[in-house]
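So the structure is just underneath, and the comments pick up after that.
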Amino acid sequence: MVATRYKTAFKLYPYEKVAAQDAAPVRHPVVIVGGGPIGLALALDLGQKGTPALVLDDHDGAGLGSKAICFAKRTLDIANRLGASQPMVDKGVVWNVGKVFHDDHKVFDFNLQPEDGHRNPAFINLQQPYFEKYLVDAIHTAQAAGAPVELRGRNCVTAMEQHGSYSTLTVETPDGPYQLEADYLIACDGARSPLREMMGLSFDGRVFEDNFLIADVHMKADFPTERWFWFEPPFKNSGQSALLHKQPDDIWRIDFQLGWDIDREKEMDPDRIRARVDAMLSSQAGEVPEYELEWTSIYTFQCRRMEKFRHGNVIFAGDSAHQVSPFGARGANSGVQDADNLAWKLDLVLKGLADDSLLDTYATEREHAADENILNSSRATDFMTPKSELSKTFRNAVLELANKHAFARPLVNSGRLSVPCDYTGFALFGADTLLGGPDISKPGMPCPDAPHGDGFILDHLGGGFILLALGCEAQNVSAHGVGAQALNIMAPSDALKARYLGNTAQAVYLIRPDQHVVARWNNFVADDVTAALATAIGKG
């Protein structure tokens, strides 16, 4: 990637020398390398559970430039559980509607959340520095309440050694190097992961033969808050496709598909970028409003992942473990789901309530999620960048059909947008004997939101295992020292009935701390629930 020089948007954790730098190496239960969205979300989740987490970041805050901008409902639901979502939604640009164009005419539009009854929208557009800032704000709130989370800025890991049950890190700081030890080391250090390089691990996959220009433009414009995507756009010098998104603070994200054989240095010339932006804006607004180039970058589509996400006591998450093209908003959103999956498992293992092997299920579940995201991103890229005249003819025929017939619209792929991962069939999930139960809440799926009382049901389904009983009563259960607290709702809302009961009058759901359904039944039977809980913590 070619990009403007790193600058700090927010100094979130300024460097401070700590006493440990002048002492013998201190052992930490969890050390997280990387202070981006994934590392911060993981640290916050662990800290709120009472498990100490130390974050090391080579900078002292969020870098300038929007980078990730589209945060999906599932990510916002996770952030809400962590106490960080409200400022994100308040600051972000909320959108549910997208439009697809071919040349100068609209092919169709879509609504990603046509139904009511959810706390969070389908998506918000929010520059990544703000997302990180609000996570750090939530960490500070948690620290004030006693959460054992520590953030160390300008602490760059330069060497790592594994010693079976722990790792030793060498950390460079403005005051010189020091060493520390970690029972578990979590690599959240990005697509160019230094930790992955230190361990000599491969990062395999596919690099697509195309280049895309990102331009974050500061301007005032009256375009609606929708996702606009063009195939073969009508404006000059725009390439094979273009994308327009609104962000907070009058920032607009514009993407242009440039092709493969380009002079990157030439394409990053501000005058050349301005010519492309001018052509787009004049085509859509009739004139070019005043604007400034806020941040620019050129990237290639890359879909890659590590073969294994866990290597002993070193675990990889986010872009360090897997990388997908940005069309579809699957990078940061998938990474936050990594943190969501890992935190509760790591917490139980460190508290002695689950075996270390439970962490293997993080790898298997999230490797599956990475494969799913890579498949969808690869299909989107192949549709957007046809490699032959025949494939281009097919692509354009699909667009023509989609303009007139709804059946063809699912075939149009301008970046399948991020959806929650379905873990159906994996080892930690149990029975589905709920006759007539909806597919959206079957075992393996994340719990759908719905109105409940003065709020929403997801507000009550986080932190630990929950036994949700709708239209009947359940009792607290425990297995191997891990408890599941009963939540009995005798008169569920219509939306709760539709999303959890379907064609049945009552139901009992066992739900994981990451709000995925473990198992469900028509009635509460203590032995069945206890067995499913044991399975969910890897002791079934």
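Cys421 passes every criterion in (1) closer than 18 Å to Ala536 by Cα; (2) free of Cβ contacts under 8 Å to residues at least 60 places away in the same chain; (3) not basic (Lys, Arg) apart from (2). Every listed requirement among (1) at pLDDT 95 or above; (2) among the acidic types (Asp, Glu); (3) over 22 Å from Gly190 (Cα atoms) is met by Glu132 save one, (3). Within segment 200-222, the set of residues being buried (at least 16 other Cβ atoms within 10 Å of the Cβ) and of a type outside the set (Val, Ile, Thr) comprises Leu201, Phe203, Gly205, Phe208, Asp210, Asn211, Phe212, Leu213, Ala215, Asp216, Met219. Yes or no: segment 392-404 includes at least one residue that is surrounded by fewer than 24 Cβ atoms within 10 Å (Cβ to Cβ), in contact with a helix residue (DSSP H, G or I) (Cβ under 6 Å, 6 or more places away or on another chain), outside any helix (DSSP H, G or I) and touching a residue at least 60 places away in the same chain (Cβ under 8 Å). Among the residues of segment 392-404, not one is surrounded by fewer than 24 Cβ atoms within 10 Å (Cβ to Cβ), in contact with a helix residue (DSSP H, G or I) (Cβ under 6 Å, 6 or more places away or on another chain), outside any helix (DSSP H, G or I) and touching a residue at least 60 places away in the same chain (Cβ under 8 Å), which makes the answer no. Comparison of Gly425, Gly430 shows that the only residue that is closer than 29 Å to His516 by Cα, touching a Ser or Thr at 6+ places or on another chain (Cβ under 7 Å) and not assigned by TED's automatic domain parsing to the domain that holds Gly259 is Gly430.
Close contacts from segment 506-531, counting a first residue that is closer than 10 Å to Ala469 by Cα and touching a residue at least 24 places away in the same chain (Cβ under 8 Å) and a second that is aromatic (Phe, Trp, Tyr) and part of a loop (DSSP other than H, G, I, E, B), with Cβ to Cβ under 6 Å and a gap of 6+ residues or different chains, come to Val508/Phe524. Do we have any residue at all in segment 459-466 that's touching a His at 6+ places or on another chain (Cβ under 6 Å), under 23 Å from His368 (Cβ atoms) and crowded, with 22+ Cβ neighbours inside 10 Å? No, every residue in segment 459-466 fails to be touching a His at 6+ places or on another chain (Cβ under 6 Å), under 23 Å from His368 (Cβ atoms) and crowded, with 22+ Cβ neighbours inside 10 Å. Of the listed requirements (1) in contact with a Ser or Thr (Cβ under 8 Å, 6 or more places away or on another chain); (2) crowded, with 16+ Cβ neighbours inside 10 Å; (3) small (Gly, Ala, Ser), Gly502 misses just one: (1). Here Gln179 meets the list (1) in contact with a Ser or Thr (Cβ under 6 Å, 6 or more places away or on another chain); (2) assigned to a loop (DSSP other than H, G, I, E, B) almost entirely, failing just condition (2). Among the residues here, Ala370 does not qualify as closer than 16 Å to Phe108 by Cβ, assigned to a helix (DSSP H, G or I) and either more than 20 Å from the chain's Cα centre (by Cα) or in contact (Cβ under 8 Å) with a residue 12 or more places away in the chain (or both).
Among residues that are of a type in the set (Gly, Ala, Ser), within 30 Å of Ser478 (Cα to Cα), in contact with a Gly (Cβ under 8 Å, 6 or more places away or on another chain) and surrounded by 23 or more Cβ atoms within 10 Å (Cβ to Cβ), Ala339 is included.
The values are calculated or read from the model by the stated rules, or taken from the named source; none is laboratory data. Remember, predicted model here, so these are calculated numbers, not experimental data. Note: ideal-geometry Cβ built from the backbone for every residue, glycine included; neighbour counts use all protein chains shown.
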